[in-house]
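The values are calculated or read from the model by the stated rules, or taken from the named source; none is laboratory data. Everything quoted here is computed from the prediction, not taken from an experiment. For neighbour counting, all protein chains shown are included, and Cβ atoms are generated from backbone atoms with ideal geometry for every residue, glycine included. Areas reflect the complete protein model, heavy atoms only, side chains present, ligands, DNA and RNA absent. Shrake-Rupley method; radii C 1.70, N 1.55, O 1.52, S 1.80 Å.
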Amino acid sequence: MDTSPDIGLAAELPLYQGIAIADVVLVASAEAAAEALRVLLAQEVMGFDTESKPTFNKGEASTGPHLIQLATESRVYLFQVDRLVDPAGMKAILEAKRILKVGFGLDSDLAQLRSRLGIEAQGVLDLSRVLRGEQRHHTLGAKTAVAKYFGQRLQKSKRTTTSNWGNPRLTERQMLYAANDAQVALRVYHAARLSDPSLGEALRGDGARPREMSDAESRQLIARHTPMVRQIAQGLAKGLPSSVATEDLIQDGLLGLMDAVIRSSREVTERQFEKYIAQRVRGAMLDGLRATDGGTRRVRREMRRVEVAIHQLGHRLGRAPREGEVADALGMPIAEYQRLLQESHGYSLISLDDLGGDADSDYLEQCASSQQDPLVVLQRAAFRAALGGALGALPDQEQAVVARYYGEGRTMREIGELLDISEGRVSQIHSQAIARLRVAVIGGEPERSVLAPRRKARSA
């Protein structure tokens, strides 16, 4: 945490506009931690800071850090130490020499990380020392740096500085304060490199940054690890439908491999490098799959609830439920329900989340060991028959939208003009139709898998 004094700041300078709260991520789940780890391990340089609950009594020892902040150009990740989801991941990031961590006044931060978490942070650059110039008896604070490099005034609230950082529920003010502390360091670092080339060597982190690899070394590493890419792709493909080509996974993985090699160095140990490469390759493959699988995780989760509601209402009412009835069952106002339907425009009849089980599991081996047929549901006559029946049972307006969109290849706008409704309304009707079709062909049970294997017929 930067606590150094800042002098000579003009009060008339325009206020520094920091990060928006929408770009601050409080990492509180395993899913969020995995995504943060993937993003942060891909960085070459990041902003870094910690916050600790203040001590007020003489001789009282600090129990910090209570919050760790890691910033990229566009996002800041906040980790509450008392609720750290992935301590090993945090240790891997902070101890990675190849990632430069920049911040202001980091001495106490590093000591507390070592004392409380056993983390020996590597590749750390304290800007308060590097940027102080000839004034060796002073340190440069974030406020002075922002005034010098941006001509702006960084406002820091003393009340927020001394607030309880160990509180389970951080306020929005605390989150923005902590996020800006880390990201402003990253922005100052980049501004300093651009404005003063003579600082180049100092800003490499006093030798902490590893040397660059030559093109020949990079090519050799890529060639040596290409078989691993194919192996990861083949393992991942076992849990995916046949429509996903293994070669596409390999192509995405190779891009991840090349990017990882470019960002890495020979000073990383072989074991660390292998683990890092595997993470980047697999992450690139999953990113490629997500790009072809419409809808965010939140939308898919909400649409699962819609399907369950449609399924249950259909049984109870003996007919297809209307929009208002589904919204009531979900406890949503009709307008909110319709917004969800419009958000889920890209929601597909069969998505990757329908595979069931762990994507790493060997689906074909499971089928073989249990004498089951590995044909996926899309290949089954029963699936096609269920889909045909479900299409015929759709309400007239939904049936018209589906027929024109898929059968005639018309756009949402064209369909809206034909039916005399808005394009947004067409999108809502389309999403509800897809939800009804999924209930008919997959079922309304939230945990049901569309790839549940079919038993082979017993031989006579």
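What FRET efficiency, computed as 1/(1 + (r/R0)^6) with R0 = 25 Å and r the Cβ-Cβ distance, is obtained for residue 312 and residue 336, rounded to the nearest 0.05? Write out the running numbers ahead of the final one.
Numbers: r = 19 Å, r/R0 = 0.78.
Efficiency at R0 = 25 Å is approximately 0.80.
Could you pull out every residue, at least 5 positions away or on a different chain, whose amide H is within less than 5 Å of the one on residue 119? Hs are placed 1.01 Å off N in the peptide plane, and Pro or chain starts have none.
Here the answer is 114, since their amide H atoms fall under 5 Å of that of residue 119.
For the range 116-123, what does the Karplus curve 6.51 cos²θ - 1.76 cosθ + 1.60, with θ = phi - 60°, yield as ³J(HN,Hα) per residue in whole Hz, taken in order and with x for Gly and Pro?
Values, residue by residue: 8, 10, x, 9, 9, 4, 10, x Hz.
Quick one: 3J(HN,Hα) in Hz for the range 92-106, Karplus 6.51/-1.76/1.60 with θ = phi - 60°, rounded, Gly and Pro as x.
4, 5, 6, 9, 7, 5, 6, 9, 7, 9, 10, x, 10, x, 9
Kindly identify the range 86-131 as rounded, prolate or oblate by the Cα gyration tensor criterion: order the square roots of the eigenvalues as a ≥ b ≥ c, call it rounded if a/c is under 1.5, otherwise compare a/b with b/c, prolate if a/b is larger, else oblate. Spell out each step's value before the answer.
Details: a/c = 2.91, a/b = 1.44, b/c = 2.02.
Oblate is the answer for the range 86-131, as a/c is 1.5 or above yet b/c matches or exceeds a/b.
Greater than 27 Å separation of Cα atoms is the criterion. Which listed pairs, 101/275; 53/101; 101/158; 101/143; 91/148; 53/148, meet it?
91/148; 53/148
Per residue of the range 71-85, what does 6.51 cos²θ - 1.76 cosθ + 1.60 with θ = phi - 60° give for ³J(HN,Hα)? Whole Hz please, x for Gly and Pro, Karplus curve as stated.
So the J values, rounded to whole Hz, are 10, 9, 4, 10, 8, 10, 9, 10, 10, 7, 4, 5, 10, 5, 6.
Tell me, what is the per residue accessible area of the range 47-125 in Å², probe radius 1.4 Å?
Values: 3180 Å² over 79 residues.
Heavy-atom accessible area per residue stands at 40 Å².
Amide H neighbours of residue 124 under 5 Å, at least 5 residues apart or on other chains, H built in the peptide plane: list them.
101
Can you list residues from other chains, or at least 5 along the same chain, whose modelled amide H is less than 5 Å from the amide H of residue 153?
15, 16
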